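Data first, discussion second: the structure below is written as structure tokens.
Computed from the coordinates by the stated procedures, all read-outs in this text should not be read as laboratory data. This one's a predicted model, so the numbers in the text were calculated from it and none came from an experiment. Because the Cβ atoms are built from the backbone with ideal geometry, glycine has one as well, and the counts that use them run over all protein chains shown.
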Amino acid sequence: MSMREWQELLGRVELFSSLNPKERETLLNAAEEKEVHRRDCIIPAQPPGQFLYLITRGAVKTVRTNGKANLLVDFYKTGDVLGEDCALLPGENDITAMPFDSATVLKIPAENFSRVMESQPKLGRALAAVCASRARSFRERLYFMTAAPVPVRLASILYQLAKNFGKRDREGVLIGIRVTHQDLADYIGASRETVTLFLSKFKQEGIIVMKVRKIIIPDLKSLKKVGTQ
């Protein structure tokens, strides 16, 4: 992408939409675009806090490694920003990110972000709004994981994935990322075997259609109803 295209892209992202062209240019100085593939690491643990990452194409999941396995933290789509906490809070990063298939990210130097934020409080307020929204989402998810039964949690995340990554298909809405049973299990706090069991039940009841590495939602309203019981 050219500098002009990058500037136009930032203008469409809520976090950066209030900045003028000169401020966006400062932000983009020394920025670089990077294509990543499945299992590639986007945010390294060391050295931390050097970049913010704007997803310009594709879908990304954040994961935390406990030494034995990668535990899924959340899903992110095109236009989302990652790494803002690492850029602002020094220290070793315990969360990384990787694409579901392939993706493209724009690496924005953290020092540029800090420089613009110091001179433009509106950027700091926008960042605070993003952080507050994500914190609220995590609180709601934590409560949901402790209060709701597994089939309700599973239906809820399938509905969210369909809304964020869905593509219209002749059979309904196709979830447009290659999400595994283990991904779903990690996200809702259940075992992979339990998730597989309830996915099969959803299929038998006509709530979802399952094909090879694909999940299709015939009727979003029916799925949403299960996810809000």
Worksheet item: Sorted by packing (mean other beta-carbon atoms within 10 Å per residue), highest first, where do 151-159, 117-125 land?
Response: 151-159, 117-125
Discussion item. At 7 Å along Cα-to-Cβ for each site, give me the label-to-label distance between Gln50 and Asn164 in nm.
Written reply: 2.7 nm
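Tell me what the chain gives for mean residue ellipticity at 222 nm when only DSSP H runs of n ≥ 4 count, each as -39,500 (n - 2.57), the sum divided by the residue total, rounded to 500 deg cm²/dmol.
On the way: 9 runs with 104 residues, N = 229.
Here the helix-only value at 222 nm equals -14000 deg cm²/dmol.
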Practice prompt. Give the long-range amide H neighbours of Ile215: residues separated by 5 or more places, or on another chain, with amide H under 5 Å away, using H modelled in the peptide plane at 1.01 Å from N.
Written response: Ile175
Worksheet item: Straight-line reach from Lys122: which lysines have Cα under 20 Å away, leaving out those fewer than 8 places along the same chain?
Response: Lys22
Worksheet entry | Unit charges on C-beta of K, R, D, E only; dipole of the range 3-141, Debye | 380 debye
Worksheet, complete the sentence: Between Asp101 and Ser137, the two model label points (7 Å from Cα along the beta-carbon direction) sit apart by a distance in nm of 2.2 nm
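By per-residue mean of other Cβ atoms within 10 Å, what is the highest-first order of 193-199, 219-225?
Numbers: 193-199: 16.9, 219-225: 14.7.
Highest-to-lowest ranking by the protection proxy: 193-199, 219-225.
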Item to complete: Positive end of the charge dipole of the chain (Lys, Arg +1 and Asp, Glu -1 on Cβ, about the Cα centre): tell me which of Met145, Thr104, Cys41 has its Cα farthest that way.
Response: Met145
Worksheet item: Hey, with R₀ at 30 Å, roughly what FRET efficiency would Leu71 and Glu14 work out to, going by the Cβ-Cβ distance, to 0.05?
Response: 0.60
Worksheet entry | Normalised contact order of the chain, rounded percent, pairs of Cα under 8 Å and 6 or more residues apart | 19 percent
Discussion item. Place a point 7 Å from the Cα of Ser119 along the Cα-to-Cβ direction; which residues of the range 13-44 have their backbone N under 14 Å from it?
Written reply: 19-29
Response to the item:
Projecting the Cα atoms of Val73, Ala155, Ser18 onto the charge dipole of the chain, where Lys and Arg contribute +1 and Asp and Glu -1 at Cβ, the residue farthest towards the positive end is Ala155
Fill in: For the range 164-205: rounded, prolate or oblate by the Cα gyration tensor [a/c cutoff 1.5]
oblate
